[in-house]
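In what follows, a single structure is set out as structure tokens and then discussed.
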There are 2 protein chains.
Amino acid sequence: MAGLPQIAQPTRPDRIPPGTRDPSELLIFPVDDNAVTDRVHACYTCATFRTMLPAQRHPTMADVAERAGVSVSTVSRTLRGLSTVSDEARAKVEAAARELSFVISRQASSLVTGKTGTVAVLAPTLGSWFVGQVLRGLSEVLRDAGLDLKVYSVADLAERAAFFDQLPARRNADALLVISFDLTEEEFARLDGLGVPVVYVSQHAPGRASVYVEDVAAARGGTRYLRGLGHRRIAFVRAAPDSGFTCSSRTRLFGYREALAEAALPYDEDLVVATSRGRRATAEAVGQLLCLADPPTAVFAETDEIAIEVLSVLRSSGIAVPDRLSVLGFDDHDHAEWLDLTTIAQPAVEVGRASGTLAHTLIDDPTADATRHVVLPTHLIPRGTTGPVPQSAPEPKRESESAQP
Amino acid sequence: MAGLPQIAQPTRPDRIPPGTRDPSELLIFPVDDNAVTDRVHACYTCATFRTMLPAQRHPTMADVAERAGVSVSTVSRTLRGLSTVSDEARAKVEAAARELSFVISRQASSLVTGKTGTVAVLAPTLGSWFVGQVLRGLSEVLRDAGLDLKVYSVADLAERAAFFDQLPARRNADALLVISFDLTEEEFARLDGLGVPVVYVSQHAPGRASVYVEDVAAARGGTRYLRGLGHRRIAFVRAAPDSGFTCSSRTRLFGYREALAEAALPYDEDLVVATSRGRRATAEAVGQLLCLADPPTAVFAETDEIAIEVLSVLRSSGIAVPDRLSVLGFDDHDHAEWLDLTTIAQPAVEVGRASGTLAHTLIDDPTADATRHVVLPTHLIPRGTTGPVPQSAPEPKRESESAQP
DNA sequence: GTGAAAGCGCTAACAT
DNA sequence: ATGTTAGCGCTTTCAC
């Protein structure tokens, strides 16, 4: 692991305002505006505020018991809310615990109960909108259930392999939630043998507990909606498949194809393009579509984040939305409303909540149906980026061709 | 806690394709497109895929020792990488551990070492862009350090109070990271007595370990930049202060005021407006600014997310950016580039990395400087939403006043 | 209703 | 270099 950067020797200012707390005065380090390098500073004015506290031992149940004048067993029973404790003893224990700021050690109790009081979640990244929303719902439910939340993320294939090889969650969580992973059979098998319940989030895992929205039906509905506006040439922009982390591409593309088939529209592979993160890739993908002999009049993006990139590219190219090209997203990202993006909303927070609830159920009740599926609804939100197909499909106008009058 | 929703009785389709794995065929539940209610489904085709595995006991070190024909101590030493193990014994232990898929129980080892191998983080929400980026950097560093990451989030003031009352992280983590909280003195005091190192992230905590970007200098620089474009009436749009969760409003506003003062520009309270999440609040805030007798020619938004809302409102009002109004953000959110938003970039992922590194240092070395500050740089990225001040500050044009020629 | 004692799985000190 | 032993802080019998 990389160590901390070296401590830079701060140029001592002429006068150090003693004991000041105003943030503007505290920030007296020689930090250039717009500097390019990072550094570590000793904080002059801060150092006086606090002398190091001696590392103190956390109080244990024995401490509480002694103070309350009861046995450790009684403390344990009281704190777990068992009814076999007299009111008198309970009061004494609660008072003692409060006075000592006693907090139970999950490590110790888990050793004997076999429960860790923790739920682990595995996600491809912690930085995406969807994962963030799922975690929000999840943490809310787990907090109410008295469970802690541990997160594992794997950034690339090597880390992914390492995770499935070692399964660090194995003995250190009561359940594992896997968010939005396109798993191989081997990985499924590995998790099947994990020894704790596994809940698959945002994906349909055959024969295993899953929570997801009906991507296929939603994408079918979205494509039908575009068809209803008169569009016949509908493009699909998907995330780059190389990451291997998302399974929504597959399902949403499937729904798209179904809706085309319903209307006897051909599935044209030229209309399906992939983009990876970053504006360049999206610009290329969009360019590819617009250069087709028979270009699309509508674009269905796999996620709102992709749709927003597409909008951005279209705007800077001067292509009118929705007059010349309609754009449909998926997610109802916060920014979708602000950008007036038509999208298929999915209840991401609710997906998190349902996952947490399901995990909690499976933990508490080992006889619960471990193959239960929770399917959450989606709904289309028509906004301003979609409109009727242009009356006469115009030849794709290229700048070099259009002469000024 | 709310229970799981009732299992809906699925209408059995005419034919259940047996053993199929194609996702489209699996999704045979009566899920209406765009349905409004959620439900739980039993998955017909899935149930056949897997018979419940009996709950199996996790192998312990004793199991590994027995299989390897050595003592438990040797297993422990081997797995911890101590050098006092013969190659022969090491090989046998590693083989046995692998065969049994042994995973060490942190619970048990932490009981004796006093270390949990876990770092806890407290965040106001898990759904914001900044927190997500910080968590990305953090998890990367912690993974390399062999530490697990536990997250606590508090959604409202009641939960916040409960957290500081109980301090659930107390005995269950080796360090606590507090992200972007505006803490009271009482809360600081409570954390000072936590018994484990605390790192304050995205905030300057006097006398305590902190990692942050220099908000004051950055905001000063951003405001100077707008001044350099000729702007004299510069508005500041901040997040609603009622949440009490962010401390960036205070510091960034301070830098803004400093830059005004440098140029002897007056600080006009009418130019500082607050907005909460949601487009309506932003629309009102922007409206307030545009209705001023002497309206601003530039807007500095506390975050990119706010700036994007502002842009959206301006666009739908037909107010040209930057011709009539310049907009400056803060963060360099992913969407900022797509939207061509001028912004002050902060290295959010790097903030997470540095926090994790600092926490790791403080855990491993109790004598390390617990008041160390890491200050990371910011830089301004000029893009298309900022431009020179309009030549002659025009009277604010109101639709009712402008007559058609 | 309460306490004493055993032991969860591991590490650390000691003995060999 | 390896095995033996004594706990870490808690829960859980089992007596009382």
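The values are calculated or read from the model by the stated rules, or taken from the named source; none is laboratory data. The structure presented is a predicted model; accordingly, all values stated were derived computationally and were not measured. Note that we place each Cβ from the backbone using ideal geometry, even for glycine, and neighbour counts take in every protein chain shown. Surface areas here come from the heavy atoms of the whole protein model, side chains and all, with no ligands, DNA or RNA. Shrake-Rupley method; radii C 1.70, N 1.55, O 1.52, S 1.80 Å.
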For a quick check of understanding: with a 1.4 angstrom probe and all protein chains in place, what accessible area in square angstrom does B:E262 have, to the nearest ten?
90 Å²
Kindly compute the accessible surface that chains B and A hide from a 1.4 Å probe when together, both sides summed, and give it to the nearest 100 Å².
10400 Å²
Averaged over A:330-338, number of beta-carbon atoms from partner chains that fall within 10 Å
4
What is the distance, in nm, between label points placed 7 Å from the Cα along the Cα-to-Cβ direction at A:V72 and at A:A95?
2.4 nm
Can you give the accessible area of B:E269, probe radius 1.4 Å, in Å² rounded to 10?
130 Å²
Summed residue charge, Cβ within 13 Å of A:G387's Cβ, Lys/Arg positive, Asp/Glu negative:
0
Local electrostatic count, B:Y267, Cβ distance below 11 Å [Lys/Arg +1, Asp/Glu -1]:
-3
Buried by partner chains in the stretch A:153-186 (accessible area down by at least 40 Å² vs chain alone, 1.4 Å probe, heavy atoms, protein only) are A:S153, A:R170, A:R171, A:N172
Using alpha-carbon pairs under 8 Å, 6+ residues apart, how would you state the relative contact order of the stretch B:232-305 in percent?
54 percent
In Å², nearest 10: area of A:T84 left accessible to a 1.4 Å probe:
110 Å²
Cβ-Cβ cut-off under 10 Å around B:I104, Lys and Arg +1, Asp and Glu -1: the net charge is +4
Exposure ranking of A:V93, B:V196 by accessible area [1.4 Å probe, largest first]
B:V196, A:V93
Which distances, in nm and shortest first, link the A:E284 label point to the same label point in every other copy, taking 7 Å along Cα→Cβ?
4.7
From the label point of B:S317, set 7 Å along Cα to the beta carbon, how far off in nm is each other copy's matching point, shortest first?
3.2
Charge dipole of the stretch B:285-399 about the Cα centre (unit charges at C-beta), most positive-ward option of B:P322, B:S355, B:P366
B:P322
Rel. contact order, % - alpha carbon contacts under 8 angstrom, at least six apart, the stretch B:194-263:
35 percent
Expressed as a rounded percentage, what relative contact order does the stretch B:261-405 have, with Cα pairs under 8 Å and six or more residues apart?
22 percent
Give A:K92/A:K150; A:K115/B:K150; A:K150/B:K115 a once-over and call out the pairs whose C-alpha atoms are over 28 Å from each other.
A:K92/A:K150
Tell me the distances, shortest first, between B:L100 and the same position across the other copies, using label points 7 Å along Cα→Cβ, in nm to one decimal.
3.5
